Amino acid sequence: MLNAATHYQLDYSDLSLILALVRGGTLARAAALLRLDVSTVFRAVRRLEAALGQTLFEKSRAGYLPTSLSTHLAQQAERAEQALEAARIGVEQGGEVISGTVRLTCTDSVLQGLLLPALAQFMPAYPALTLELSTSNDFANLSRRDADIALRLTRTPPEHLVGRCLGAVTYQVCASAEYARQHAGQALADLAWIAPDDFLPDHPTLVWRREQLPGVRPSYRCNSMQSVTELVRVGLGVAALPDFLIRDGLQPLGPALAGHDTALWLLTRPDCRALRSVVTLFDELGQHVRGLRS
């Protein structure tokens with residue numbers, strides 16, 4: 001039950017204390033983040049809990065475990081931290097600054113092959129913008145509002161999302177240069193195949209192989225296309241790979257798989273179009289990822 005002590009007015013130093021302890025998990029790590037000694041942090045937490053009349057952390061052998069209240073306050077503290085950083089940068093640069101946190105999702109292969117090179121080109125211009133990156137093959141994370149922007153390989157993006165197509169993506173059967181040399185002249189069906197497992201049962205490369213090489217049983221199955229690519233790169237076999245991953249010594253063994261291409265879509269939720277941070281990142285990604293594809 002709340003008492004009169006909950007009329008205590010939190011200030012930024014209180015939020016900084018909570019945030020440091022949530023991030024650090026122990027008094028020692030929180031003290032290091034705050035550049036204070038451990039006893040000072042301990043007393044500050046005790047005073048704040050007494051002033052609020054509520055427990056902020058559960059003490060255990062593992063450290064200080066945040067309650068739902070301190071977790072909520074830490075989130076508010078992060079927003080305040082970002083706002084202060086944006087204000088500081090705005091003063092230094094003499095203008096308005098794009099700030100905030102944007103949650104971005106894509107597959108691991110798109111992350112490595114396209115997203116990271118694109119981010120490296122423009123993100124230094126947005127020092128007050130924070131990105132939370134996650135890798136997933138699921139559209140539902142946008143629908144559940146777990147993400148604001150997604151880069152997805154699909155021919156049919158969900159109708160409830162909005163976005164733009166950044167171009168077609170083709171696939172080719174590839175091998176490392178050494179594997180190709182060692183197995184020159186062999187039929188594709190006689191090679192060691194590497195393929196995604198059941199996490200993508202309708203992946204274009206699986207559909208193609210079932211049609212063209214129905215008797216092939218992969219020697220290796222992986223739960224991501226990035227892993228498939230790395231196994232090919234070290235010479236363990238062949239695989240059909242998206243064009244943006246065919247580099248660094250990978251050698252195509254034939255033309256693109258006719259009729260089995262897909263498309264790269266940049267997607268967001270309709271409600272996100274009102275957020276300047278999301279719109280800015282969306283436009284920058286559209287420009288730079290398309291540039292990498294051209």
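The values are calculated or read from the model by the stated rules, or taken from the named source; none is laboratory data. Treat the numbers as computed from the prediction; the structure is a model and nothing was measured. Cβ sites come from the backbone with ideal geometry, for glycine too, and all protein chains shown count toward neighbours.
Taken over region 236-260, the criterion of being surrounded by fewer than 16 Cβ atoms within 10 Å (Cβ to Cβ) and either part of a helix (DSSP H, G or I) or charged (D, E, K, R) (or both) is satisfied by Arg247, Asp248.
Given the condition crowded, with 18+ Cβ neighbours inside 10 Å, hydrophobic (A, V, I, L, M, F, W, C) and not assigned by the TED database to the domain that holds Ser136, answer yes or no: does some residue in region 198-214 qualify? Yes, region 198-214 has at least one match. Total residues in region 161-186 satisfying the condition of being hydroxyl-bearing (Ser, Thr, Tyr) and within 16 Å of Thr262 (Cβ to Cβ): the figure is 2.
Say we look at region 155-212 and pick out the residues that are β-branched (Val, Ile, Thr) and touching a helix residue (DSSP H, G or I) at 6+ places or on another chain (Cβ under 7 Å); which of these is farthest from Ser294 (Cα to Cα)? Among those that are β-branched (Val, Ile, Thr) and touching a helix residue (DSSP H, G or I) at 6+ places or on another chain (Cβ under 7 Å), it is Ile194. Which residue pairs have Cβ atoms under 6 Å apart, sit 6 or more places apart or on different chains, and have a first residue in region 45-66 that is more than 13 Å from Ala30 (Cβ to Cβ) and a second that is part of a loop (DSSP other than H, G, I, E, B) and at pLDDT below 90? The qualifying pairs are Ala51/Tyr8; Leu52/Tyr8; Gly53/Asn3.
Figure legend. Inter-residue proximity from region 255-269: first residues more than 22 Å from Ala150 (Cβ to Cβ), second residues in a loop (DSSP other than H, G, I, E, B) and modelled with pLDDT of 95 or more, beta-carbon distance below 8 Å, spacing 6+ or different chains. Indicated pairs: Ala256/Thr170; Leu257/Thr170.
The criterion of being surrounded by fewer than 16 Cβ atoms within 10 Å (Cβ to Cβ), part of a helix (DSSP H, G or I) and at pLDDT below 85 holds for Ala83.
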